[in-house]
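The values are calculated or read from the model by the stated rules, or taken from the named source; none is laboratory data. Note that the structure is a prediction, hence the values are computed from the model and not measured. Using ideal geometry, Cβ is built from the backbone for each residue, glycine included, and neighbour counts are taken over all protein chains shown. The accessibility values were calculated without ligands, DNA or RNA, using every heavy atom of the protein model including side chains. Shrake-Rupley method; radii C 1.70, N 1.55, O 1.52, S 1.80 Å.
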Amino acid sequence: MSLVVMQGREPRRQVVLRPQPGSTQVVIATHSSSVTVETAGSSRPAPRVPATRMTFVIRVQSLSLEGDARYDFTLDAVDLLVPPGVAGPHVDEMRESLAFLPGLTGKGQSGRRGNTLDLNLPASLAPERRKELLELAKALQFVGNPFPQEAIGLGARWESPLYGVGPVPAQGTASFELFSMDELQVGTRFLIQQTSRNQPVPAEYQTRPDGSERMMVRSQTKGESLFRMDRLWPARSEMEMRVQADLSSEKEDPPRRLRLVTEVKVLLEEKPA
């Protein structure tokens with residue numbers, strides 16, 4: 001449930017996206033990331049990896065009077081965008097690891113009752129690929145229909161609490177601002193911040209058999225989205241995410257401390273019909 005902090009200027013109106021049930025939307029998501037490892041007072045970048053460009057075909061299944069939509073989607077195509085200097089064997093390995101993705105399906109819900117997006121990932125998927133795809137799904141979930149029930153105008157601000165799930169659950173707040181609005185489309189800016197508690201490292205990432213390693217995760221996502229009133233996903237959305245994972249192992253001598261900083265950029269663009 002969203003809490004309106006400022007209603008914004010007049011004229012105000014209730015913003016409800018109304019995609020036609022049975023309609024199809026094609027959205028291209030370009031995802032790039034980089035990782036920096038910090039330990040013992042030094043910092044070094046992890047090996048560069050190609051960006052990915054994914055084409056989603058979204059089908060609206062139903063729409064309630066209140067504007068809550070249910071939909072399913074197919075990941076129609078996946079392309080690697082290889083930057084200069086990335087080794088060929090590494091690219092081939094990554095391309096092979098993503099070969100199963102075209103045809104992947106999922107479903108979601110978007111509206112005032114919250115946004116969800118679930119991928120049907122195979123159980124055999126490598127942990128690093130699973131993590132990357134779940135992070136992308138989480139980012140795409142955040143840019144879905146964010147609008148409150150109240151009438152709002154330009155300059156309106158509202159917030160929604162977040163309660164994370166998954167291997168490292170976190171809590172936080174998503175803050176939004178309405179910066180453009182007309183009869184056909186609306187634009188929002190967003191800032192999403194989450195922090196986990198200090199907790200044991202998930203089993204799939206542990207390196208010590210005694211399970212003594214611990215971690216804390218902080219994330220911040222900011223960006224802008226432009227919505228068409230007759231579409232479900234944004235017509236365009238740009239976001240930047242920074243995820244900081246602090247890991248420690250106090251039982252080692254000396255105690256081991258490691259920080260992983262992941263910078264993620266996602267660009268969504270609707271493909272013209």
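Whether any residue in the stretch 50-64 is open to solvent by 60 Å² or more (accessible area, probe 1.4 Å) and not in a strand (DSSP E or B) is what I want to check.
No.
Go through (1) open to solvent by 30 Å² or more (accessible area, probe 1.4 Å); (2) closer than 30 Å to P19 by Cβ one by one and return the number of the condition S124 breaks.
(2)
Going residue by residue through the stretch 196-213, is there one that turns out to be assigned to a strand (DSSP E or B), open to solvent by 70 Å² or more (accessible area, probe 1.4 Å) and either farther than 30 Å from T55 by Cα or free of Cβ contacts under 8 Å to residues at least 60 places away in the same chain (or both)?
No.
Which one of these is of a type in the set (S, T, N, Q) and modelled with pLDDT under 80: S97, S42, S110?
S97
Go over the candidates L119, L81 one by one and state the one that is modelled with pLDDT under 90, touching a helix residue (DSSP H, G or I) at 6+ places or on another chain (Cβ under 9 Å) and not charged (D, E, K, R).
L119
Residues to consider are F190, F176; find the one that is under 28 Å from T74 (Cα atoms), open to solvent by less than 60 Å² (accessible area, probe 1.4 Å) and modelled with pLDDT of 90 or more.
After applying the criteria, what remains is F190.
Table: residues versus (1) open to solvent by 20 Å² or more (accessible area, probe 1.4 Å); (2) assigned to a strand (DSSP E or B); (3) touching a residue at least 12 places away in the same chain (Cβ under 8 Å); (4) in contact with a strand residue (DSSP E or B) (Cβ under 7 Å, 6 or more places away or on another chain).
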{"site": "K222", "(1), (2), (3), (4)": "yes, yes, yes, yes"}
{"site": "F227", "(1), (2), (3), (4)": "no, yes, yes, yes"}
{"site": "R231", "(1), (2), (3), (4)": "yes, no, yes, yes"}
{"site": "P234", "(1), (2), (3), (4)": "no, no, yes, yes"}
{"site": "D246", "(1), (2), (3), (4)": "yes, yes, yes, yes"}
{"site": "L258", "(1), (2), (3), (4)": "yes, yes, yes, yes"}
{"site": "V264", "(1), (2), (3), (4)": "no, yes, yes, yes"}
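From the list L134, L121, pick out the single residue that is aliphatic (A, V, I, L, M) and not in a helix (DSSP H, G or I). Outline the logic, then answer.
Details: L134 fails: not in a helix (DSSP H, G or I).
Going through L134, L121 in turn, just one is aliphatic (A, V, I, L, M) and not in a helix (DSSP H, G or I): L121.
Among what's in the stretch 127-140 and is of a type in the set (A, V, I, L, M, F, W, C) and crowded, with 19+ Cβ neighbours inside 10 Å, pick the residue that is farthest from the chain's Cα centre (by Cα).
L133
Could you check how many residues of the stretch 110-159 are in contact (Cβ under 8 Å) with a residue 60 or more places away in the chain and of a type in the set (A, V, I, L, M, F, W, C)?
11
Can you list residue pairs whose Cβ atoms sit under 8 Å apart, with the first residue in the stretch 1-17 being part of a strand (DSSP E or B) and the second being open to solvent by 90 Å² or more (accessible area, probe 1.4 Å)? Count only pairs 6 or more apart in sequence or on different chains.
Close Cβ pairs satisfying both conditions: V4/R157; V5/R157; M6/R157.
What tally of residues in the stretch 65-113 results from selecting those that are part of a loop (DSSP other than H, G, I, E, B) and either open to solvent by less than 40 Å² (accessible area, probe 1.4 Å) or β-branched (V, I, T) (or both)?
Just the residues of the stretch 65-113 that are part of a loop (DSSP other than H, G, I, E, B), to begin with: 65-68, 82-87, 98-104, 111-113.
In the following step, the residues that additionally are either open to solvent by less than 40 Å² (accessible area, probe 1.4 Å) or β-branched (V, I, T) (or both) were identified as 67-68, 82-83, 86, 98, 101, 104, 111.
Residues flagged as part of a loop (DSSP other than H, G, I, E, B) and either open to solvent by less than 40 Å² (accessible area, probe 1.4 Å) or β-branched (V, I, T) (or both) within the stretch 65-113 amount to 9.
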